[in-house]
Amino acid sequence: MTSWSIVTLNQLSRQASALGVAGGIVFDIRPEHVEIDPAGIPARVLLVGSTEPETVLSPEIAGGRILASMRERTNADIGSTVRVSFRKAAWHVFDASGMRLG
């Protein structure tokens with residue numbers, strides 16, 4: 001999907017280090033900006049729920065748990081692996097003190 005950019009947490013960390021950010025970063029994204037994407041980052045599904053008309057997933061990526069909310073149905077089961085991507089324009093990145101980076 002051309003409107004979605006894939007990023008790994010390691011890439012974000014390297015970019016933050018290049019900007020002189022010390023002490024780690026926090027990557028935040030709203031659940032509606034997470035999408036299942038065959039070219040995305042592998043994530044293990046911890047929770048699947050339906051709120052009609054939306055499907056809610058809680059996948060784990062690199063030891064961190066995220067929340068995804070999507071209009072379309074998914075065949076994901078608890079314990080399965082899905083691939084997810086994030087809309088780049090919707091990222092919220094903060095340094096360890098809470099200062100927004102971008």
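The values are calculated or read from the model by the stated rules, or taken from the named source; none is laboratory data. Since the model is a prediction, treat every value here as computed from it, not as a measurement. The area values use the complete protein model at the heavy-atom level, side chains included, leaving out ligands, DNA and RNA. Shrake-Rupley method; radii C 1.70, N 1.55, O 1.52, S 1.80 Å.
Just a few scattered comments:
- Karplus-derived 3J(HN,Hα) values for the range 61-66, using 6.51 cos²θ - 1.76 cosθ + 1.60 with θ = phi - 60°, are 10, 6, x, x, 9, 10 Hz; glycine and proline are entered as x.
- Ligands, DNA and RNA are left out, and with a 1.4 angstrom probe the accessible area of the range 27-102 is 58 Å² per residue.
- Long-range HN-HN contacts of LEU47 with modeled amide H, under 5 Å: SER58
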